[in-house]
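Everything below concerns the one structure shown next.
The values are calculated or read from the model by the stated rules, or taken from the named source; none is laboratory data. Please read all numbers here as calculations on a predicted model, not as lab measurements. Note that we place each Cβ from the backbone using ideal geometry, even for glycine, and neighbour counts take in every protein chain shown.
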2 protein chains.
Amino acid sequence: MKKSDDRLLFLPLGGSGEIGMNLNLYAHKGKWLMVDCGMSFADDHFPGVDLVFPDPTFIEREKDQLLGLVVTHGHEDHIGAIPHLWRRFECPIYATPFTAALITDKLAEAGLLDEVQLHIVEHDGPFELGPFTITYLALAHSTAEGHGLVIETGKGTIFHTGDWKLDPNPLIGPICPSSKLEALGDKGILAMVGDSTNVFNPKNAGSELSVRESLIEICKGRSGRIVLTTFASNVARLDTAGEVAKATGRHIVLLGRSMQRITKAAKATGYLKNFPKVLDEEDASHIPRNKLLILCTGCQGENRAALARIARNDHKHLTLAADDTVIFSSKIIPGNELVLGQLFNMLASNHIRVITEKDAFVHVSGHPGQADLKDMYSWIRPHIAIPVHGEARHLIAHAALAHTAGIYHTLVPANGDIIEIDREGARKIDEAPVGRMVLDGDQVIPADSPAMGDRRRASQQGFVTASVVLEEDGELAAEPRLAVLGLPTNNPDIFYDQLLDACEIAMDRMKPKQRLNDDSVEEVVRIALRRLCRSTLGKNPGVAVLISRLEDEQY
Amino acid sequence: MKKSDDRLLFLPLGGSGEIGMNLNLYAHKGKWLMVDCGMSFADDHFPGVDLVFPDPTFIEREKDQLLGLVVTHGHEDHIGAIPHLWRRFECPIYATPFTAALITDKLAEAGLLDEVQLHIVEHDGPFELGPFTITYLALAHSTAEGHGLVIETGKGTIFHTGDWKLDPNPLIGPICPSSKLEALGDKGILAMVGDSTNVFNPKNAGSELSVRESLIEICKGRSGRIVLTTFASNVARLDTAGEVAKATGRHIVLLGRSMQRITKAAKATGYLKNFPKVLDEEDASHIPRNKLLILCTGCQGENRAALARIARNDHKHLTLAADDTVIFSSKIIPGNELVLGQLFNMLASNHIRVITEKDAFVHVSGHPGQADLKDMYSWIRPHIAIPVHGEARHLIAHAALAHTAGIYHTLVPANGDIIEIDREGARKIDEAPVGRMVLDGDQVIPADSPAMGDRRRASQQGFVTASVVLEEDGELAAEPRLAVLGLPTNNPDIFYDQLLDACEIAMDRMKPKQRLNDDSVEEVVRIALRRLCRSTLGKNPGVAVLISRLEDEQY
């Protein structure tokens, strides 16, 4: 793309076709701007892997033209990939104070703090990055400092919503009045690129204040310990936990590393000013049970998080007992139903009361429902609507909603689509390479690399390795050895002997000349072993044959 | 247990603490009675495995005293383990005609048809099995011939509900009037052992008739093909699909093996008498799109089922296109959210309308909600309530509901609890061995066998095998060979060389005497390889070292 190129381009590398790992790019006049750089949590499709990232290859190749990474807010699906991918595109980062504090933590952990230029943007006023003039617009979300970005270019203005909702009482941060959004609409927005997460909710998102009031009611007069679990990043909800503690005469204790990390960042940037004194864990254990509120991580049932640990009585100081209450002030993220179900069962078996969003009003979302989206479109009135931050069905439903709201031009993007935006509308003009990376051990590798496929296959079918030692003339120099991984046999010794027999019979049947060729031996033995596994056990394992050919010193 | 033993015992081996794989036992006067023998579908905790069964070891040991297996109905979680476990306890089986037809199919497939005594029980009238007098009581459920069992013994009468709901218009089978259940209650029920699946639904289950009416309305005047997917075993729903086709002037085609199998069994036992003529697949492809209704399997997103195949355009004759409609007349079973979400996305991306139970009234459950349970307890008035067919939290909530309904004695069982039942109540008196089996390939093995653990570990961490060939004196006879499975490296050749170096350095450091001992060499090499994987990649793979020791022919 040349400097003289007047086009305005949009390219999502992550987040368009999935909920998670948002990475969006804009281009104008030969320069690129990155918005967010997030990760996803891996599901069972990636065994042994926790984190998934977008493949940044496209922007890595263009990194000389990359002006900066502007971060909308501090959720992992917007900042989580930064420490793992930053070396691939090395650019300055822009974020507001709380978000910057979280990014700083990550950079420090990755040893990148001295290398990355991290610019802290105060909330007001535009700043310029080459041909882009960027203004942070504070919007309510389920963390502190949620923002949309107003991105002005010579070709028109983009309103990139980030993650948002309408909340008349967000408890944390400013309230964004409709007048401000209407004024923005009056200036003329070429395209609104926006959050589709909750487009299937016909209502509005709801308010943090109403959750606070409900939680106080639910906790009042309750016997036993109360555990409140939520995403640590939800600063308003943490603040609410403090208010619940005060209103119910309970002391508060915080469990979980991210709970500590977020409250530290929040306090350092001016939030949680009225939060009550936090007990340390040992002191908390001495407080009467009905005077304690435990605020902890683990609302998705994560096995190593604080909640799962206290639930299975694996915490040094704090335990739960009959008549205690655990409140999940959180959503059940799709894919976590089974692991959360196990946790609910464990708690119920110990006669601990479990309250989730299915039982009582203990949670509101941070994403716009249909009512919020309609309001937003009525105020912004963009020329074009481009839904992002959703799976295909979310994006399609969002585009339909925008159309109903009077937005004539809509475009449903997919990761890798290079989209030109102008007064004629938005259209795909090209494709960028696109994919996923996983953090496997401490290596970032492509998600479709052989390591993942091989592990997946071994997990399904098992794996057999045979070691065959041959004389130079093709005779066996020793009995073959076998390593059998994960095959279903109730008589491993007998099965081992069967494999050995299969191996030796297959070799016996080879012509002497064939046995001189390692590849031939390898193939014959591999086929024989696999055939035996299939016929004897009904499994189809991977088979590796390691051939050692001895050198005949006599010649 | 002796013949003189007058106690009445209940022992669940499966289904108490889980939804799936029901296997319940009753004992009296030294004899055992089995009720149901079901399976579960495996989740990702058992990679490479589809089916899970209860461990029948306890009853296998008592099989001489086992009078029979009485089957309540034909769902897989009640009959699915029969072909896989029957050889372990070899007893006669009792079932009503439709259920027996399904069992017959399974036995034939397993080659057991000639060995198993399968008694077809007509719907009315009690039959005796030793000290047990058993009466089938027809109750509505989401398949044909759902039944509770009235089990009379010298110690009192058990009402084993099976899976049930109240349905004023079940469409298939008789309506069970409350008067009949009240009359049963009047005779005096010692214990009701019953379905807890839907105890968290505050309402009643709802009626098949109302789903039929709703589906007809939804399908009327719709353009394009309509695909209706549901569990094939839901005969009333299949009948409804036929009625929808007739009411909307569409021809019907059936896709999926179990759809064919169930309709065959249903027609053979007197159901689906008014079902319209079924087109074959090729003929169906020539029918105008708005004149075709496709009834198919795959409502849980199963990858190999008919729906997933037509969705990804992988069917010989039938395809979907923009403006077609897919109706999921089914529940989303917990754990299937992600795979179903992928299917919804695929369909939405092709502009196919998707209607699920979240969007419209297209499904009712086959299990009792709280309203149904309260009615049932008011009619049966058992002395004791024993909730089964649920996870721990379901059983606990069901027991609490029974208590509220005036049942003073409740007991929450767990698989393996041997429970004595008498006028004093129900109490655990002992424990039976309990566990799970999996069908892995064609082998039935314990779910906690090393094969599963090894595969799980390999899927997370990878696996390395080294072959080391040693002279008798401990010198390496050839360069070690390595098989590396599933390790995350972008440079496999370099990593292979690093492993080789680690292997050789470790051996070099061994004392000559140590090298004479295979176990020592194995351990040293294993530790060296594992350490390298950890330090280089951050992975902790399993490592197998295969040692071949050459015999020195000179001595």
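Can you pull out every residue in region B:90-117 that is buried (at least 20 other Cβ atoms within 10 Å of the Cβ), assigned to a helix (DSSP H, G or I) and more than 18 Å from the chain's Cα centre (by Cα)? Those that are buried (at least 20 other Cβ atoms within 10 Å of the Cβ), assigned to a helix (DSSP H, G or I) and more than 18 Å from the chain's Cα centre (by Cα): B:Phe98, B:Ala100, B:Ala101. Annotation note: Cβ proximity below 8 Å between a residue of region A:398-416 that is farther than 15 Å from A:Leu9 by Cα and touching a residue at least 60 places away in the same chain (Cβ under 8 Å) and a residue that is of a type in the set (S, T, N, Q) and in a loop (DSSP other than H, G, I, E, B) (sequence gap 6+ or interchain) occurs for A:His398/A:Ser196. Restricting A:Arg457, A:Arg481, A:Arg549, A:Arg534 to residues that are in contact with a strand residue (DSSP E or B) (Cβ under 8 Å, 6 or more places away or on another chain), within 11 Å of chain B (Cβ to nearest Cβ) and without any contact (Cβ under 8 Å) to a residue 24 or more places away in the chain narrows the list to A:Arg481. Taken together, B:Gly74, B:Gly48 contain a single residue that is within 13 Å of chain A (Cβ to nearest Cβ), out of contact with any His (no Cβ under 6 Å at 6 or more places or on another chain), crowded, with 24+ Cβ neighbours inside 10 Å and in contact (Cβ under 8 Å) with a residue 60 or more places away in the chain, which is B:Gly48. Condition check for A:Asp518 on (1) crowded, with 17+ Cβ neighbours inside 10 Å; (2) of a type outside the set (S, T, N, Q); (3) in contact with a Lys or Arg (Cβ under 9 Å, 6 or more places away or on another chain): one failure, at (1).
Here's the yes/no breakdown for (1) surrounded by 19 or more Cβ atoms within 10 Å (Cβ to Cβ); (2) out of contact with any helix residue (DSSP H, G or I) (no Cβ under 9 Å at 6 or more places or on another chain); (3) more than 14 Å from chain A (Cβ to nearest Cβ); (4) in contact (Cβ under 8 Å) with a residue 60 or more places away in the chain:
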{"site": "B:Pro288", "(1), (2), (3), (4)": "no, yes, yes, no"}
{"site": "B:Leu293", "(1), (2), (3), (4)": "yes, no, yes, yes"}
{"site": "B:Gly298", "(1), (2), (3), (4)": "yes, no, yes, yes"}
{"site": "B:Asn303", "(1), (2), (3), (4)": "no, no, no, no"}
{"site": "B:Leu320", "(1), (2), (3), (4)": "yes, no, yes, yes"}
{"site": "B:Phe344", "(1), (2), (3), (4)": "yes, no, no, no"}
{"site": "B:Asn350", "(1), (2), (3), (4)": "no, no, no, no"}
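For A:Ile384, the criteria (1) more than 9 Å from chain B (Cβ to nearest Cβ); (2) within 20 Å of B:Asn350 (Cα to Cα); (3) surrounded by 19 or more Cβ atoms within 10 Å (Cβ to Cβ); (4) out of contact with any helix residue (DSSP H, G or I) (no Cβ under 8 Å at 6 or more places or on another chain) hold in every case but one, which is (2).
Keeping to region B:460-473, report how many residues are at negative phi, in contact with a helix residue (DSSP H, G or I) (Cβ under 9 Å, 6 or more places away or on another chain) and within 9 Å of chain A (Cβ to nearest Cβ). Lay out the reasoning, then the answer.
At the first step, the residues of region B:460-473 found to be at negative phi are B:460-461, B:463-473.
Pick out the ones that are also in contact with a helix residue (DSSP H, G or I) (Cβ under 9 Å, 6 or more places away or on another chain) and you get B:460-461, B:463-464, B:466, B:468, B:470, B:472-473.
Those still in the list that are within 9 Å of chain A (Cβ to nearest Cβ) too: B:460-461, B:463, B:466, B:468.
Matching residues across region B:460-473 total 5.
Scanning region A:157-211 for residues that are aliphatic (A, V, I, L, M) and free of Cβ contacts under 8 Å to residues at least 24 places away in the same chain turns up just one, A:Ala183. Residue-level check: of (1) under 27 Å from A:Asp518 (Cα atoms); (2) within 46 Å of the chain's Cα centre (by Cα), B:Arg549 misses just (2).
Checked against (1) in a helix (DSSP H, G or I); (2) within 23 Å of A:Asn234 (Cβ to Cβ); (3) not acidic (Asp, Glu), A:Ile59 meets all criteria but (2). For region B:475-487, the criterion of a residue being of a type outside the set (Asp, Glu), in a loop (DSSP other than H, G, I, E, B) and either surrounded by fewer than 17 Cβ atoms within 10 Å (Cβ to Cβ) or modelled with pLDDT under 95 (or both) is satisfied by at least one position. Given the residues A:Glu424, A:Glu391, A:Glu431, A:Glu420, which is the only one that is acidic (Asp, Glu), closer than 21 Å to B:Met346 by Cα and away from every other protein chain (no Cβ under 14 Å)? Only one candidate qualifies: A:Glu431.
For region B:507-531, a residue qualifies if it is basic (Lys, Arg) and either touching a Cys at 6+ places or on another chain (Cβ under 7 Å) or within 14 Å of chain A (Cβ to nearest Cβ) (or both), and the qualifying residues are B:Arg526, B:Arg530, B:Arg531.
Of all residues being at the interface with another protein chain (Cβ under 8 Å from one of its Cβ atoms) and either in contact (Cβ under 8 Å) with a residue 12 or more places away in the chain or touching a helix residue (DSSP H, G or I) at 6+ places or on another chain (Cβ under 8 Å) (or both) in region A:439-449, which is surrounded by the most Cβ atoms within 10 Å (Cβ to Cβ)? Just the residue, please. Filtering region A:439-449 for residues that are at the interface with another protein chain (Cβ under 8 Å from one of its Cβ atoms) and either in contact (Cβ under 8 Å) with a residue 12 or more places away in the chain or touching a helix residue (DSSP H, G or I) at 6+ places or on another chain (Cβ under 8 Å) (or both), the one surrounded by the most Cβ atoms within 10 Å (Cβ to Cβ) comes out as A:Asp440.
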